[in-house]
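What follows is a single structure, written as structure tokens, with notes after it.
The values are calculated or read from the model by the stated rules, or taken from the named source; none is laboratory data. These numbers come from a predicted model, not from an experiment. Note that each Cβ is placed from the backbone with ideal geometry, even for glycine, and that neighbours are counted across all protein chains shown. Surface areas here come from the heavy atoms of the whole protein model, side chains and all, with no ligands, DNA or RNA. Shrake-Rupley method; radii C 1.70, N 1.55, O 1.52, S 1.80 Å.
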Amino acid sequence: MSKRPPLLSVDDALEQILVDVQPLAAEPVALTHALGRVLAAPLAAKRTQPPFPASAMDGYAVRHADLFEGAALTCVGEAAAGHAFSGAINAGECVRIFTGAPVPSGADTILIQENARANGTKITVLEAAERGRYVRPAGLDFAEGDEGLKAGTVLSPADISLAAAMDHPRLPVRRKPRIAVISTGDELVEPGQERRDDQIVSSNNYGIQAMIEDFGGEPMDIGIVKDTLSALESAFDAAADADIIITLGGASVGDHDLVHHALGQRGVSTAFWKLAMRPGKPMMFGTRRRSDGGHQRFMGLPGNPVSSLVCAIVFLKPLVRALVGIPAHAVFEDALLDKAVPANDQREEYMRARLVERDGQTWVSPFDRQDSSILSLMATADCLMRRPAHGPKMNVGEPCQIIRLR
Ligand code: AMP
Ligand code: MG
């Protein structure tokens, strides 16, 4: 007689998964590989930008005292970006200057070329300007030592430009968790391969790996593994240096003991088995110490394609984000029901649904068909609508919670 363990709530499962999770160590990455990575330490400017007062326009660098309509100035040289004028400007003199060039000493204002007439080295002022016009003072953007980027920043393109401008060729970021994906099942064949009539194409692992990349992890595809103890054990060994091992399938009754047994053989203590969740009832989580002293986590996701994707969104995403040091944030958004939903049983449900914006509100319509094997509906869904465990019937116009999928 097998004992039925009680169903665990989604919130309790998530709490168990996230307990004691510390961000992974920092590693340096080149600027060209920094997009979306999480800064592990604050980044201070190693230089001042601009490092000198710089011209913002093409024109003439002048002394403001000389700048009045009709004034005649003598042009004594030229300053261009990367080619400073080495001398100083005296009374009645100016220097031809271009955008980005250092403003020569003695000058304090740029007379734009549209407001000047040139005749050889004789420059006539057509229109005056206030002192300092079109001069970018040194340090306008940032000064050496300024903290330009905070620890925990998810690096955007503009952040990367700023880091480069602050003179950092490499950035300290959180290491991406390596996440091994093991597809289990005698029936599975890779897409594009020959197969028998009783076989199916393995799809989950590809969606899960794409999600891992999207969440900020580094997927490692261990491939398809037969439903045997030795095959599973070898797969776990191949994933020995992963931060997280994910199995897909093999978690329902029958297969169930196989993954459990293989995990036990490899020193993983399993934290839970059955969730009060739909889709995604059969799910496992466990941990073990790696031989290098690191902490390895194990997540056994359901085999049904939709279940595995939904479980990855609900459980794997927060874990990956915690490992890369992104603070926890609300996953749910508010919406209004556009379609009545019947009362629910003890399993919290994540219904595939469509969104429409109407009257300044977000309205959600769950699909009629919610079978956890139907990938085509998951692919057209805009969101998951959370239907609480034991929730009463919900009517059109009632508030509900959603997770956006795109
Ligand atoms: P299991 O949890 O192994 O009993 O699998 C449940 C269902 O999901 C079965 O119909 C499997 O054939 C299917 N399944 C398991 N793994 C995959 C996979 N990698 N790709 C597509 N379907 C899968
Ligand atoms: Mg199976």
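Remark: pairs (first residue in segment 33-52, over 15 Å from Glu213 (Cβ atoms) and part of a strand (DSSP E or B); second residue aromatic (Phe, Trp, Tyr) and open to solvent by less than 40 Å² (accessible area, probe 1.4 Å); Cβ separation under 8 Å; 6+ apart in sequence or on different chains) = Gln49/Phe142. Considering only residues of segment 161-177 that are open to solvent by less than 60 Å² (accessible area, probe 1.4 Å) and not in a loop (DSSP other than H, G, I, E, B), which is farthest from ligand 2 (Cβ to nearest atom)? Across segment 161-177, the extreme among qualifying residues is Ala165. Look at Val356 and say whether it is more than 21 Å from the chain's Cα centre (by Cα), over 22 Å from Glu213 (Cβ atoms) and open to solvent by 50 Å² or more (accessible area, probe 1.4 Å). Criteria met by Val356. Scanning segment 304-350 for residues that are open to solvent by 50 Å² or more (accessible area, probe 1.4 Å) and in contact with a Pro (Cβ under 7 Å, 6 or more places away or on another chain) returns Asn304, Ala328, Asp334, Lys339, Ala343. Among the residues of segment 98-110, is there at least one that is surrounded by fewer than 22 Cβ atoms within 10 Å (Cβ to Cβ) and under 30 Å from Lys150 (Cα atoms)? Yes, that holds for at least one residue. Where strands (runs of 3 or more DSSP E) fall wholly inside segment 202-291, the ranges with 2 or more residues that are at pLDDT below 95 and hydrophobic (A, V, I, L, M, F, W, C) are 269-274, 282-289.
Taken as a whole, the condition of being open to solvent by 70 Å² or more (accessible area, probe 1.4 Å), within 16 Å of ligand 1 (Cβ to nearest atom) and either more than 30 Å from Met378 (Cα to Cα) or of a type in the set (S, T, N, Q) (or both) applies to Gln193.
Filtering segment 178-206 to residues that are more than 16 Å from ligand 2 (Cβ to nearest atom) and among the hydrophobic types (A, V, I, L, M, F, W, C) leaves Ile179, Ala180. Just so you know, in segment 207-222 the residues that are of a type outside the set (Val, Ile, Thr) and crowded, with 18+ Cβ neighbours inside 10 Å include one that is nearest to ligand 2 (Cβ to nearest atom), and it is Gly207. Quick one: which of Val201, Val154, Val225, Val181 is open to solvent by less than 40 Å² (accessible area, probe 1.4 Å) and over 16 Å from Ala312 (Cβ atoms)? From the options Val201, Val154, Val225, Val181, the qualifying one is Val225.
Of all the criteria given as (1) open to solvent by 70 Å² or more (accessible area, probe 1.4 Å); (2) modelled with pLDDT under 95, the one not satisfied by His33 is (2). Scanning segment 83-111 for residues that are in contact (Cβ under 8 Å) with a residue 40 or more places away in the chain and either touching a Pro at 6+ places or on another chain (Cβ under 9 Å) or under 11 Å from Val62 (Cβ atoms) (or both) yields Ile97, Gly100, Pro102, Val103, Pro104, Gly106, Ala107, Asp108, Thr109, Ile110, Leu111.
Among the residues of segment 286-303, the one identified as within 16 Å of ligand 1 (Cβ to nearest atom) and open to solvent by 20 Å² or more (accessible area, probe 1.4 Å) is Gly303. Of the residues making up segment 378-406, those that are of a type in the set (A, V, I, L, M), under 14 Å from Leu355 (Cα atoms) and buried (at least 16 other Cβ atoms within 10 Å of the Cβ) number 7. For Ala276, the conditions (1) open to solvent by less than 20 Å² (accessible area, probe 1.4 Å); (2) closer than 21 Å to Glu218 by Cα; (3) away from ligand 2 (no atom under 12 Å from the Cβ) are fulfilled apart from (2).
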